[in-house]
Structure formats: C-alpha cells, structure tokens
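Beneath this line is the structure, given in structure tokens, with notes to follow.
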Amino acid sequence: MGDRDTLPGTDASLWLETTERTDYPALDGDRRVDTAVVGGGITGVTAALHCAEAGQEVALLESDRIVEGITGKTTAKVTAQHGLIYDDLLDKHGRTAARQYAAANAAAIEEVADRVERHDIDCDFQRLPAYTYAASEDQRAKVGREATVAEGLDLPATFVTDPPFPEETHGAVEFEAQAQFHPRKYLLALADVLSGESDGGSIFEQTKVTGVEDRDEGTPCRVETERGPVTADSVLLTTHFPIEDPAFYFARQYPKRSYVLAVRLVGDPPEGMFYRDESPYFSVRPHPTDDGSLTLVGGQNHKTGQGGSTADRYRKLERQARDHFDVESVEYRWSTQDYVSVDRIPFVGELGPTTDGVYVATGFGGWGMTNGTAAGRMLAAFARGESPQWAEAFDPNRIDLEASGRDLLSENLDVGREFTRDWAKSPFRGKDPEVAPGEGEVVRRGGKQLAVARDEEGDLHVTSAVCTHMDCIVHWNDAEQSWDCPCHGSRFSMDGEVLDGPAVEDLPKRGE
Ligand SMILES: Cc1cc2nc3c(=O)[nH]c(=O)nc-3n(C[C@H](O)[C@H](O)[C@H](O)COP(=O)(O)OP(=O)(O)OC[C@H]3O[C@@H](n4cnc5c(N)ncnc54)[C@H](O)[C@@H]3O)c2cc1C
Ligand code: FES
C-alpha cells in the first residue's frame with residue numbers, strides 16, 4: 001500500500017508529455033476588454049476564440065499555464081455518446097431538454113472537425129464509432145433502450161449485437177462517426193489562432209483571478225487578478241469549478257475522480273471507442289503514435305477524497321487492462337476529476353439568479369470535450385448579448401426538484417456523513433507522528449486537526465487538515481501525494497496549496 005514505485009507506467013499525462021509547455025506572458029497592469037475569460041481549458045479557449053472571431057477584444061486569464069488542468073488529463077473521446085444517458089435525460093427532463101443536450105453535443109463534434117480542417121491542425125483527429133456495451137444480460141435491455149431513445153433524438157445510434165471488442169458482450173449501442181483527438185495539440189493550435197487575432201495579446205498566463213464583480217447599473221464587470229484588474233462588459237467563468245459560487249454549485253454537483261493508463265498491446269488495439277457504463281466504468285480507446293498505437297484504458301472512478309488508497313486504483317485498472325488485453329507494457333498513468341451535476345446536465349449560463357454579465361460553465365460529468373466545446377460557443381453568445389441555441393436545457397438557474405431531487409438529497413447527506421465522521425475519528429498524537437516517506441495522516445493535536453505528510457526526501461509537511469471551503473477534514477491521496485476533500489472535491493498539495501476548487505484558500509501551514 002502507498003508504494004508509488006511499484007505503480008505501472010510513468011506518472012504523467014500522455015498529452016502533457018508529448019507537447020511543449022506554453023509561455024504566454026502574464027497580465028501587466030490594468031486592462032479594458034469586451035469579454036474576460038477566466039480559465040484556459042477546453043471551455044475557456046473555445047469561448048475566447050468564439051468571442052475574438054465575433055470581433056470582440058478578449059482577455060483569457062489563466063492562473064497557471066493553459067490546457068494543463070482537467071483538459072490536459074482527459075481521455076479525449078469527442079463524442080455525443082456519454083454512456084447510457086439519453087434514456088435518463090428523457091425521463092428526468094423531457095424530450096425538449098434531451099434533444100437540446102443531444103444537439104449541442106453532436107454540433108460540438110462537427111465544430112471540432114471543422115476547426116481542425118479550417119486551421120489545418122495536426123492533432124491526431126480521427127473519426128471512429130463509439131460503443132457503450134452491455135457486459136451482462138441484465139444490461140442488454142438498458143443498452144437497447146438507449147439506442148432507441150438516442151435514435152429518436154436524431155443521434156446516429158443503432159443497437160449492434162456484436163461490437164468489435166475483445167471481450168464477449170451482450171450487445172452495444174453504437175454511435176457512428178464520432179471522434180477522438182490529442183486535446184493539447186488541438187487547443188494549443190486554437191490558442192495560437194486566438195493570440196494571432198489580437199495585436200496586444202489576448203492570453204495571459206500565470207495570472208490568477210482572485211475575485212469577480214458583476215455589472216452594476218452601467219458599471220462594467222471587474223475582474224481582480226494578482227497582476228492588476230481587468231474591466232469587461234462580460235466575464236466568462238471557465239475555471240472547471242466556478243471560483244465564485246453565489247448559486248450553491250458545490251451542493252448541486254459532485255466530484256468524480258478517475259484513472260487512465262496508456263498501454264502498449266501485443267497486436268492492434270480494438271477499432272473504436274468503448275465504454276462500459278457501470279460503477280466503476282471501463283473506457284477504452286486507441287491512440288496512434290509514430291511508433292505504433294497505444295491504447296488508453298480508463299475507469300476506477302470514485303468520489304474524490306473517498307474510497308481508500310488511490311494507488312490501488314491504478315493497480316486495479318492495470319489488472320482490468322490485462323484481463324481484457326494482451327498488454328506488452330504500461331507507458332503512462334494519470335488521473336483527474338470532473339464534476340457531475342445531480343441532474344446530469346451541465347450548468348451553462350448566468351452565474352447566479354441575481355448576477356449580471358457573469359456567465360459560467362461547469363458540471364460536464366466526464367464529457368467535457370463536447371460539452372465544453374458547446375459551452376464555449378454558448379458562453380460567447382451570452383457575451384454578445386444573444387440568447388444561444390440549446391441554452392434552456394443548460395440554464396444553471398433551473399430548479400427542477402423532480403429531475404435532481406433524490407440525487408441532490410443523497411449527495412448532500414453523504415457530505416454531512418463525511419463531515420461528522422471525520423471530525424470525530426482522527427487519532428490524538430504527540431509531537432512526532434510516524435509517517436513514512438510518501439505517506440500522509442490526519443492527527444489531532446491540542447484540539448487542532450493536522451494534515452501531516454512526509455515527502456520522498458524524508459521532509460515532514462504539516463498543514464491544517466480543515467478544508468478551507470466548508471471545514472470538512474481532508475484525506476490523503478497516496479497516488480497523487482495530495483490532500484483531497486471528501487465533501488466537494490477540493491484538493492491541496494502537501495504544502496496546502498489549492499490544486500482543485502471549490503476551495504480558493506490554501507490550507508494554512510502549521511509548525512511541527
Ligand atoms: C479521467 C477523465 C477522463 C475524461 N475523459 C473524457 C473524454 O474522453 N471525453 C470527454 O468529452 N470528456 C472527458 N473528461 C471530461 C473532460 O476532460 C472535462 O470535462 C474538461 O476537460 C473540463 O474542461 P474545463 O475547461 O471545464 O476545465 P479545465 O481544463 O480544468 O480548465 C480550467 C482552467 O481554469 C484555470 N483556473 C482555475 N482557477 C483559476 C483562477 N482563479 N484564475 C485563473 N484561472 C484559473 C485552471 O488552471 C485551468 O487551466 C474526462 C474527465 C476525467 C476526469
Ligand atoms: S470541498 Fe467543500 S468542504 Fe472541502
């Protein structure tokens with residue numbers, strides 16, 4: 001347990017390892033633009049480019065380097081097939097909303113294809129069918145129904161009895177002509193196009209946004225950054241989890257963390273993208289490289305900060321990969337997380353019921369390549385003062401207790417359970433907790449909850465264990481060497497630095 005040296009593959013995302021780091025300048029002083037976009041993942045880059053193409057002056061503000069967040073660690077299937085979702089959407093939200101979700105995601109695939117062609121982007125873009133397969137006879141009916149519903153929503157769906165997967169299946173729903181790509185090659189090329197649209201530069205890296213004020217009676221929005229303020233008519237918040245939360249997004253979506261291995265097979269990878277919609281899910285797609293194809297396998301999802309050793313998740317995923325395929329070697333491993341909205345439709349639109357001019361996109365449910373692309377287009381339309389196509393289904397201020405009721409309740413009860421259990425359980429310890437290199441432990445000392453971790457060099461790091469979002473106690477993530485919050489998914493480095501929201505404040509350091 002906890003021994004990272006025995007984990008399979010190099011600890012790095014394939015996408016980050018095979019592209020250069022970007023080097024856009026930081027913001028330098030005040031700036032006035034039409035639209036400020038906060039966060040440079042797929043949503044932010046796409047939104048900013050749409051704004052610039054419409055003739056707007058844009059500032060894309062990124063706290064670190066663009067496309068290194070969740071988008072830098074995805075599996076990058078570009079598909080409107082999101083597991084078994086359409087039957088559920090039809091049931092929960094009705095035909096109009098299900099159709100809007102389907103149309104937005106199908107259009108996103110065509111937008112990506114169109115941009116690849118228009119800008120001649122070399123990003124391993126490839127059309128492939130996508131399959132969600134039934135692994136048991138019980139699932140067959142569900143998969144068949146999904147095919148019928150999806151076809152009725154004008155998606156290119158059919159039920160096939162014998163998908164080209166090495167394992168025996170009980171049929172699958174096939175979506176024709178979906179796609180996959182190298183997300184960083186695609187988005188870094190779009191960023192080039194975006195920066196070429198503006199003389200004064202439009203991408204600012206290492207520019208962390210610390211606060212956003214909305215429009216107020218003729219006064220534009222104001223974005224505070226560590227490098228100076230930006231005033232803008234509209235602000236698009238594309239920070240994955242929104243850095244401002246006036247509408248309780250933390251209670252309406254939950255974090256799902258999952259794991260990816262890039263493996264080399266003996267022989268060829270299966271032809272197509274595959275998904276088994278169970279918990280945990282199992283995802284497979286090929287990825288061409290100069291020296292033969294890799295196969296990406298993903299899964300082992302769990303709620304962030306819950307579910308025990310994360311290192312064990314990689315081991316289980318490797319076993320699963322070997323059960324399905326003849327694996328020659330494991331080349332890379334990485335993991336990341338996405339937010340799932342309790343009613344399964346992302347939130348895209350006005351940030352809160354009373355905010356003006358600030359728009360958000362979050363809760364992509366593990367399907368942000370298309371949802372993020374569609375959201376980027378919708379956000380840019382909002383920034384132009386238009387009412388975008390499909391926006392009704394994605395309205396963040398929708399209140400539909402029937403669609404989200406049971407899941408909303410159970411997610412928030414789960415948070416309550418974690419909160420009470422963790423505050424009661426950490427052991428009392430004296431001055432020197434015995435924490436091995438690469439391990440972390442929460443201890444109680446003098447009435448304080450402390451997060452104590454030792455790095456591989458043997459140095460001890462001690463911070464508060466109380467999450468700065470809403471006071472839950474963080475848990476040790478042994479694979480990523482981070483402190484993860486089981487309540488709403490905030491993550492912190494060993495030294496307490498925020499890695500993932502909703503928290504925006506670091507864990508305070510404590511003396512040993
Ligand atoms: C394991 C895994 C596999 C997945 N595979 C697929 C797949 O195959 N297909 C698919 O469609 N989807 C997939 N997804 C989902 C998809 O990757 C995400 O939904 C998508 O990448 C989210 O993009 P984003 O732009 O919202 O966020 P991000 O890419 O995280 O971008 C947000 C950016 O905001 C920046 N930021 C944060 N705070 C600030 C601040 N204060 N100031 C300035 N900048 C800030 C961050 O640094 C980051 O760069 C997967 C998800 C996971 C977890
Ligand atoms: S993320 Fe909400 S309490 Fe930690």
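So what are the ³J(HN,Hα) numbers for region 248-263, from phi and the Karplus equation (6.51, -1.76, 1.60; θ = phi - 60°), rounded to whole Hz, Gly and Pro as x?
Listing the rounded values in order: 6, 4, 4, 9, 10, 8, 10, x, 10, 9, 8, 10, 10, 10, 9, 10 Hz.
Residue-wise, which Karplus ³J(HN,Hα) couplings in Hz belong to region 116-124, taking 6.51 cos²θ - 1.76 cosθ + 1.60, θ = phi - 60°, and x for glycine or proline?
Running phi through 6.51 cos²θ - 1.76 cosθ + 1.60 with θ = phi - 60° gives 4, 6, 4, 9, 6, 8, 8, 9, 6 Hz.
Search the structure for amide H atoms under 5 Å from the amide H of GLU57, placed 1.01 Å from N in the peptide plane, and list their residues when 5 or more places away or on another chain.
Residues meeting the amide H criterion: ASP34, THR35.
Determine the dipole magnitude for region 155-297: charges of +1 sit on the beta-carbon of Lys and Arg, -1 on that of Asp and Glu, nothing else is charged, the reference point is the Cα centre, and the result goes in debye to the nearest 20.
380
Could you tell me the distance between the Cα centroids of region 182-243 and region 346-402, to the nearest Å?
17
With runs of 4+ DSSP H residues as the only contributors, calculate the mean residue ellipticity of the chain at 222 nm using -39,500 (n - 2.57) per run, divided by the residue total and rounded to the nearest 500.
Taken over the chain, the calculation gives -9000 deg cm²/dmol.
So for the chain, taking the charge dipole from beta-carbon charges (+1 Lys/Arg, -1 Asp/Glu), which of VAL442, THR96, VAL340 sits furthest toward the positive end?
Most positive-ward Cα: VAL442.
Can you tell me how the chain classifies by the Cα gyration tensor, rounded, prolate or oblate, using a/c under 1.5 as the rounded cut?
Since a/c stays below 1.5, the shape of the chain is classed as rounded.
Tell me the net charge near ARG31. Cut-off is 10 Å between Cβ atoms, ARG31 excluded, with +1 for each Lys or Arg and -1 for each Asp or Glu.
Spelling it out: positives minus negatives among the neighbours equals -1.
Long-range amide H contacts for SER482: which residues qualify at under 5 Å (H placed 1.01 Å from N, peptide plane, sequence gap of 5 or more or a different chain)?
ASN477
What Cys residues in the chain have no fellow cysteine's beta-carbon under 4.7 angstrom?
CYS51, CYS123, CYS221
With a ≥ b ≥ c taken as the square roots of the eigenvalues of the C-alpha gyration tensor of region 1-106, please select rounded if a/c is under 1.5 and otherwise prolate if a/b is larger than b/c or oblate if it is not?
It comes out oblate by the Cα gyration axes.
Hey, got the dipole for region 308-359? About the Cα centre, +1 on K and R Cβ, -1 on D and E Cβ, debye to the nearest 20?
Once rounded to the nearest 20, the dipole reads 300 debye.
Cross-link candidates for LYS208: which lysines have Cα within less than 22 Å, leaving aside residues fewer than 8 places away along the same chain?
LYS73, LYS509
So how much slack lies between ALA54 and ASP455, counting 0.36 nm per residue of separation and subtracting their Cα-Cα distance, in nm?
Taking 0.36 nm per residue and subtracting the Cα distance, the gain is 139.5 nm.
Treating only the Cβ of Lys, Arg, Asp and Glu as charged (+1, +1, -1, -1), what charge dipole size does the chain show about its Cα centre? Round to the nearest 20 debye.
1260
Only the coordinates and a few stated rules stand behind these numbers; no lab work does. Fair warning: this is a prediction, and the values are worked out from it, not measured in the lab. Note that we place each Cβ from the backbone using ideal geometry, even for glycine, and neighbour counts take in every protein chain shown.
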